[in-house]
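Working notes, structure below.
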Amino acid sequence: MSRGNPGLREQKKRETRQSISDHATRLFLERGFDATTIADIAAASRVAKMTVTNYFPRKEDLALDHHEAFVAGLADTVAERAPGESALAALRRSFLDAVDRRDPVIGFSGPEFARMVAGSPTLVVRLRELHQQREEALAAALAAETGAGPDDIAPRVAAAQLGGAHRVLFAELQRRVLAGHDEERTAAEMALLGCETFTMLEPALGDYAVRAD
């Protein structure tokens, strides 16, 4: 007896997830995050409330739907760095590439979306949690890449500096988006700020976690 095509089932799941996310974003922008309920999203998406929560266990994840890539991004960049490349160099390269493609994960969004996030205490708290989780993931990756022991503080100190730099850059980008600055101007400014920020960290971290050739 056939159980159906797994590929089609997965495609259907992706389509359902995307539909829920799209309807949720529209409602959040129209009504505000805190004023929109899971029931509202389910009704707009024409699915059951349980379907919404199966795909998105936390309401905040419907608004910050890049949260998984956000948390894992710095750690993944370090894990995938080239031979001879330090963690700092890899993260600087990755950030500048993200600016070049206007990546929403680093904060490129429309002003309406940025206002929606900034106007919700719930989302502000959640974003703070995601920054912390990203830093912890980076510390774990640095520990693994350098062979550090559990009592070695170096990976955590490095992650605090690198994660803090990304947190500041994210806030600066959001400030410009909220102010309605032109995207091209904003990208050019963020590229300069990124170079300045990572250059400031060079004396401390330029030779840290360099991947062996």
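The values are calculated or read from the model by the stated rules, or taken from the named source; none is laboratory data. Note that the coordinates shown come from a computational prediction; the quantities given were computed from them, not determined experimentally. So basically every Cβ, Gly included, is an ideal-geometry build from the backbone, and we count neighbours across all protein chains shown. SASA here: full protein model, heavy atoms, side chains in, ligands and nucleic acids out. Shrake-Rupley method; radii C 1.70, N 1.55, O 1.52, S 1.80 Å.
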Response to the item:
Once normalised by the length of region 27-96, the mean sequence separation of its alpha carbon contacts under 8 Å that are 6 or more apart gives a contact order in percent of 17 percent
Worksheet item: Does a label point 7 Å from the Cα of GLU202, set along Cα-to-beta-carbon, have any residues of region 157-191 with amide nitrogen under 18 Å, and which are they?
Response: 162, 165-166, 191
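With a/c under 1.5 counting as rounded, go ahead and sort region 1-125 into rounded, prolate or oblate using the C-alpha gyration tensor (a ≥ b ≥ c being the square roots of the eigenvalues; past the cut-off, prolate if a/b is larger than b/c, else oblate). Spell out each step's value before the answer.
Working: a/c = 2.71, a/b = 1.33, b/c = 2.04.
Because a/c hits 1.5 or more and a/b fails to exceed b/c, region 1-125 counts as oblate.
For region 86-209, what class follows from the C-alpha gyration tensor (a ≥ b ≥ c being the square roots of its eigenvalues): rounded when a/c is under 1.5, otherwise prolate if a/b is larger than b/c, else oblate? Don't skip to the end; give the middle numbers.
On the way: a/c = 2.80, a/b = 1.54, b/c = 1.82.
Note, shape of region 86-209 comes out oblate.
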Item to complete: Scan the chain and note any complete DSSP helix (H) whose C-alpha atoms cover at least 15 Å along its axis and whose Kyte-Doolittle average is 0.5 or more.
Response: 67-79, 87-100
Worksheet entry | GNM flexibility winner over the chain from VAL71, VAL168, VAL99 (Cα, springs under 10 Å) | VAL168
Worksheet, complete the sentence: Expected unfolding gain across GLU80-GLN132 under the 0.36 nm per residue rule, minus the alpha-carbon gap, is 16.6 nm
Worksheet item: Rounded, prolate or oblate: which one fits region 8-74, using the alpha carbon gyration tensor with axes a ≥ b ≥ c (rounded when a/c is under 1.5, else prolate when a/b beats b/c, else oblate)?
Response: oblate
Worksheet item: Which residue, LEU127, LEU74, LEU192, has the most motion in a Gaussian network model of the chain that connects Cα atoms within less than 10 Å?
Response: LEU192
Discussion item. Ignoring everything except DSSP H segments at least 4 long, calculate the 222 nm mean residue ellipticity for the chain; use -39,500 (n - 2.57) per segment, divide by total residues, nearest 500.
Written reply: -24000 deg cm²/dmol
Worksheet item: Quick one: how many Å² of SER86 are accessible to a 1.4 Å probe, rounded to 10?
Response: 10 Å²
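Taking every eigenvalue of the Cα gyration tensor of the chain, multiplying by 5 and rooting it, what semi-axes result, largest first, whole Å? Display every interim value, and only then the final one.
Working: eigenvalues 229, 104, 49 Å².
Sorted largest first and rounded, they come to 34, 23, 16 Å.
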Practice prompt. Quick one: among ARG101, ARG175, ARG115, which has the greatest mean-square fluctuation in a GNM of the chain with alpha-carbon springs under 10 angstrom?
Written response: ARG101
Worksheet entry | Å² of accessible area per residue within region 25-122, as computed with a 1.4 Å probe and no ligands counted | 48 Å²
Worksheet item: What is the distance, in nm, between label points placed 7 Å from the Cα along the Cα-to-Cβ direction at ASP22 and at ASP100?
Response: 3.0 nm
Item to complete: Please give the solvent-accessible surface of LYS13 in Å², to the nearest 10, using a probe radius of 1.4 Å with every protein chain present.
Response: 100 Å²
